[in-house]
Amino acid sequence: MAPSRAPDFTRHTYDVVVIGAGGAGLRAAIAAREQGMRTAVISKSLFGKAHTVMAEGGAAAALGNANPADEWRVHFRDTVRGGKFLNDPRMAELHAREAPERILELEYWGALFDRTADGRISQRNFGGHEYPRLAHVGDRTGLEMIRTLQQRIVALQQADAAELGDPDARLRVFPETAITELLVHEGAVTGAFGYRREDGGFVVFEAPAVVLATGGIGKMFRTTSNSWEYTGDGHALALRAGASLINMEFVQFHPTGMVWPPSVRGILVTESVRGDGGVLRNADGKRFMFDYVPDVFRAQYAETEAEADGWYDDPAHHRRPPELLPRDEVARAINSEVKAGRGSPHGGVFLDVSTRLPAEEIRRRLPSMHHQFKELADVDITAEAMEVGPTCHYVMGGVRVDAETAATDVPGLFAAGEVAGGMHGSNRLGGNSLSDLLVFGRRAGLGAAEYTAGTGGRRIPYEAVEPKAREAAEHALASLKQGTGENPYTLHSDLQDTMNDLVGIIRRGPELTEALERLSRLEERSTGLSAPGDRVYNPGWHLAMSLPNMLVVSRAIAAAALEREESRGGHTRNDFPEMSARWRRLNLEVRVDGPGGVTVGRRPVPDIPPELLALFDPDELAKYLTKEELPETAADADEEERA
Amino acid sequence: MSERVFRVWRGADEGDLTEYRVEVNEGEVVLDVLHRLQATQTPDLAVRWNCKAGKCGSCSVEINGVPRLSCMTRMSVFAEDEVVTVTPMRTFPVIRDLVCDVSFNYDKAREIPSFTPDPATSPGDFRMAQVDVERSQEFRKCIECFLCNNVCHVIRDHEENKEHFSGPRFLMRVAELEMHPEDTADRRAIAQDEFGLGYCNITKCCTEVCPEGIRITDNALIPMKERVADRKYDPLVWLGSKIGVRPKDTPIVPNVRHPRE
């Protein structure tokens, strides 16, 4: 098929269009359909393959099955601690309150979580969570979750087939379809434009409400646990539609990715290894994490190996092992050990579970990890230590949304899951992503349904939408030529090096400035890309279309990282190593400003309501908040201490 | 680093094998080499993949004739001078190069009556022992790579059977639901009559190619065959259905067999 200069569109009309078919997207679609909305789910991959499938450890929910002392307030407190008090407090509250209900709902749709002795959902320990809290299935929890949601969608389609004669009547999945542009008319969303991977045909979705559930951004970095899908599409679509992104400087580097062989560098090694007893050692065999417990966490973490080891069986009388500090702390610690020359042969550190659990138990609790290391690295984790190092894993930043409805600044546009910002503050706790997807996926679906219902059936005429769609089509076809332009794979590779080297786990002002300059040059090159071949399933062409998204989001990250002159969570500045109470009060907000350009503004972080602030010890609050913000008693105590 | 010869299927159902000489490094898997071909020699080579960690089941192909995940096939399994031939799955129509149209599988999934809890229960009511969920948990490890359906001779060699046979993947899904401790539907009759369980003659090819090591034949298909036989030939069950005291068979989901465009 020769590339066509007069593109034809396939048009679809829906009440709600959900972009993304991972946990958040599927949960949003289920919610919208249950409200009676005709709903489309658009997936870049096949149905059921989204990145959620790679989540391993579990979904955090204060069910209290493993420890009856657990409840949503404790979960809220852990989440805000983990996020270093930068979380949107209302989001963190809703998440902690609603996660248990969402997990039980999955079980009622057929999910089979691992069980406790009395037949309830079992819960496992994870970094930063005070009690065992993660509902899980071995180390393949994401697969269970996406399969359950997928099968729930099928169940709803079956109900529609019985009632209406057509399974796709009210809920249809568009697999291997990618959205390249949102359609906006007079400031409000009217739909989305994209292409089918299968034949390169263009598709226009007309809908009053669009939910972004596109996941993250990891493919801008060289070393990442993320799949090819994570090109920041939703972040970029939102920016170009006029919405704002917050917290983009906060990128989570998971402490434990594989480091050897090179072809698997970055693939995730689940935190469950540490939750179930695994420890980190350097080349000298030392459990180095004891040297890296920061002041803010000193009170909750063990100081000796004996105390740490006692915690697994008797958590009431022992403090937690420092291997279970939040991810940002552990990642920085590993980075420091390697830089100090105490790393493993291939530039990581050792993660050992072989001397901590019987081989049979390791195979039962960590089957995927056992399989992964055996198959890909010739390492038997029941007999020897793994080599691990930090890998780009998650972006805390995302589209700024309303906590209750997931609505963005743009009427008709909603966002949930990793593409949304605020919930996790400056650092996400393990296990809080899967529960985030469910809680806010559902809220986004409900929010979008309510919004569409509120439009009273008023539709923007297609004539108003069409010019923007034609423009998007021209843009999409620009790189599809046999000319002498640049290979998109080369540009992508250069972008990954730029982000990895200059905007990585440890940042410096001058390097961030250099990153922004390099990004400008990459943006220039991106206008001259060439993807040979035709429109049928052409990966080079698809990459060329996603590179502008990656570039603008990279710029958002680098610009926000340069602006924030402190270190907190997933943002570490070598030139500003301290955490600042003044900066804690500010979110950085990125918007687009002309082609490729971004502006960084500041907006106050919403205050934590007094009844939730009271969950924290005044001494702890004093480490994070400015004096004016502290409740009176804490401020006084602080004053006395200084005096 | 060494240079290896790859032969890769290019085109759709009509097409041919194209030969490439390509660099291979220590520790790499076949998917790494396909990606290097894309990046350096042929950017439009169609390959379906996502996680590159054996968890999503997207990158199913046939390597030297054996159905495998390309992300979990290490180059070290081949002899130094062995030519590596990569072709798309044979049972499904080819869209382009190594990418197949696998919609057959999604259609079959929609025919199976979904999980059906007792309507008198609510979320949070279930109490299930670990030992009871483990049987279905094994089948839920399935990453839907569809290699089992690809290798199954019932449809690999007989296009005409596709209408009446769901393949190991979805017969296993039926077994998973039948063994779910809280499910109340009875899919035994339709397993045989609609999904073609009887076509399976236990050659275990599906089990052999399963990248998750699920014992599809032994743990799902054979026990399902036994349950079907029990329902059909047990005289007490027969009597029960005659006098109407046996719960009804769950029918196939209506209006899904030929989904409309």
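Observations, loosely collected:
- Candidate set from the range B:216-251 (those that are among the hydrophobic types (A, V, I, L, M, F, W, C) and touching a residue at least 12 places away in the same chain (Cβ under 8 Å)); member that is nearest to residue B:206 (Cα to Cα): B:216
- Set side by side, the residues B:97, B:16 differ, and just one is without any contact (Cβ under 8 Å) to a residue 60 or more places away in the chain and either facing another protein chain (nearest Cβ under 9 Å) or not aromatic (Phe, Trp, Tyr) (or both), which is B:16.
- Enumeration of residues in the range B:4-32 that are closer than 13 Å to residue B:76 by Cα and more than 25 Å from the chain's Cα centre (by Cα): B:4, B:24, B:25, B:26, B:27, B:28
- Selection from the range A:252-271 of residues that are in contact with a helix residue (DSSP H, G or I) (Cβ under 7 Å, 6 or more places away or on another chain) and more than 14 Å from chain B (Cβ to nearest Cβ): A:252, A:253, A:255
- Remark: residue B:207 falls outside the filter, which requires a residue to be outside any helix (DSSP H, G or I) and surrounded by fewer than 21 Cβ atoms within 10 Å (Cβ to Cβ).
- Close contacts from the range B:140-169, counting a first residue that is within 15 Å of residue A:46 (Cβ to Cβ) and a second that is in a loop (DSSP other than H, G, I, E, B) and of a type in the set (A, V, I, L, M), with Cβ to Cβ under 8 Å and a gap of 6+ residues or different chains, come to B:142/B:214; B:146/B:89; B:146/B:102; B:147/B:89; B:150/B:89.
- Some residue of the range A:177-195 being free of Cβ contacts under 8 Å to residues at least 12 places away in the same chain and over 25 Å from the mean Cα position of the chain (by Cα): yes
- Looking only at the range A:99-141, and only at residues there that are part of a helix (DSSP H, G or I) and more than 8 Å from chain B (Cβ to nearest Cβ), the one that is surrounded by the most Cβ atoms within 10 Å (Cβ to Cβ): A:103
- Taken residue by residue, the range B:190-210 has at least one member that is under 17 Å from residue A:147 (Cβ atoms) and modelled with pLDDT of 95 or more.
- From B:43, B:117, residue being over 26 Å from residue B:160 (Cα atoms), within 9 Å of chain A (Cβ to nearest Cβ), part of a loop (DSSP other than H, G, I, E, B) and touching an Asp or Glu at 6+ places or on another chain (Cβ under 8 Å): B:117
- Checking each residue in the range A:601-614 for being surrounded by 12 or more Cβ atoms within 10 Å (Cβ to Cβ), over 17 Å from residue A:582 (Cβ atoms) and within 27 Å of the chain's Cα centre (by Cα) picks out A:612, A:613.
- Counting only strands (runs of 3 or more DSSP E) that sit completely within the range A:9-77, those holding 1 or more residues that are β-branched (Val, Ile, Thr) and surrounded by fewer than 24 Cβ atoms within 10 Å (Cβ to Cβ) correspond to A:9-13.
- Test: residue in the range B:10-29 that is surrounded by fewer than 16 Cβ atoms within 10 Å (Cβ to Cβ), of a type in the set (Gly, Ala, Ser) and over 27 Å from residue B:144 (Cβ atoms): no
- Hits in the range A:354-373 - residues which are among the aliphatic types (A, V, I, L, M), within 14 Å of another protein chain (Cβ to nearest Cβ) and assigned to a helix (DSSP H, G or I): A:369
- The set of residues in the range B:143-169 being among the polar types (S, T, N, Q) and not in a helix (DSSP H, G or I) consists of B:166 alone.
- Flag if residue A:544 is in contact with a strand residue (DSSP E or B) (Cβ under 9 Å, 6 or more places away or on another chain), of a type in the set (A, V, I, L, M) and away from every other protein chain (no Cβ under 14 Å): no
- Test result for residue A:384, under 30 Å from residue B:28 (Cα atoms), at pLDDT 95 or above, out of contact with any helix residue (DSSP H, G or I) (no Cβ under 8 Å at 6 or more places or on another chain) and acidic (Asp, Glu): yes
- Residue list for the range A:494-521, restricted to those being within 22 Å of the chain's Cα centre (by Cα) and part of a helix (DSSP H, G or I): A:495, A:496, A:497, A:498, A:499, A:500, A:501, A:502
- Residue match in the range B:129-142 (condition: away from every other protein chain (no Cβ under 12 Å), under 22 Å from the mean Cα position of the chain (by Cα), at pLDDT 95 or above and more than 30 Å from residue B:1 (Cα to Cα)): no
- Screening residue A:536 against (1) part of a helix (DSSP H, G or I); (2) within 14 Å of chain B (Cβ to nearest Cβ) leaves a single unmet condition, (1).
- Checking B:117, B:113, B:88, B:67 one by one, the residue that is buried (at least 19 other Cβ atoms within 10 Å of the Cβ) and outside the structural domain of residue B:10 (by TED's automatic domain parsing) is B:117 and no other.
- Residue B:79 among the aliphatic types (A, V, I, L, M), more than 9 Å from every other protein chain (Cβ to nearest Cβ) and either part of a loop (DSSP other than H, G, I, E, B) or surrounded by fewer than 21 Cβ atoms within 10 Å (Cβ to Cβ) (or both): yes
- Selected residue (criterion: farthest from residue A:111 (Cα to Cα)) from residues of the range B:177-195 that are in a helix (DSSP H, G or I) and more than 12 Å from chain A (Cβ to nearest Cβ): B:193
- For residue A:459, the criteria (1) touching a residue at least 60 places away in the same chain (Cβ under 8 Å); (2) of a type in the set (D, E, K, R); (3) within 14 Å of chain B (Cβ to nearest Cβ) hold in every case but one, which is (3).
- Residue match in the range B:46-62 (condition: in contact with a helix residue (DSSP H, G or I) (Cβ under 8 Å, 6 or more places away or on another chain) and surrounded by fewer than 18 Cβ atoms within 10 Å (Cβ to Cβ)): no
- Only one of A:307, A:303 that is more than 26 Å from residue A:382 (Cβ to Cβ), in contact (Cβ under 8 Å) with a residue 12 or more places away in the chain and in a loop (DSSP other than H, G, I, E, B): A:303
- Of all residues in the range A:162-216, those being surrounded by fewer than 19 Cβ atoms within 10 Å (Cβ to Cβ) and among the small types (Gly, Ala, Ser) number 6.
- Residue count for the range A:374-415 satisfying the condition of being outside any loop (DSSP other than H, G, I, E, B) and either in contact with a Cys (Cβ under 7 Å, 6 or more places away or on another chain) or in contact (Cβ under 8 Å) with a residue 24 or more places away in the chain (or both): 19.
The values are calculated or read from the model by the stated rules, or taken from the named source; none is laboratory data. Quick caveat, the model's predicted, so the values are computed rather than measured. No Cβ is skipped: glycine too gets one built from the backbone with ideal geometry, and neighbour counts run over all protein chains shown.
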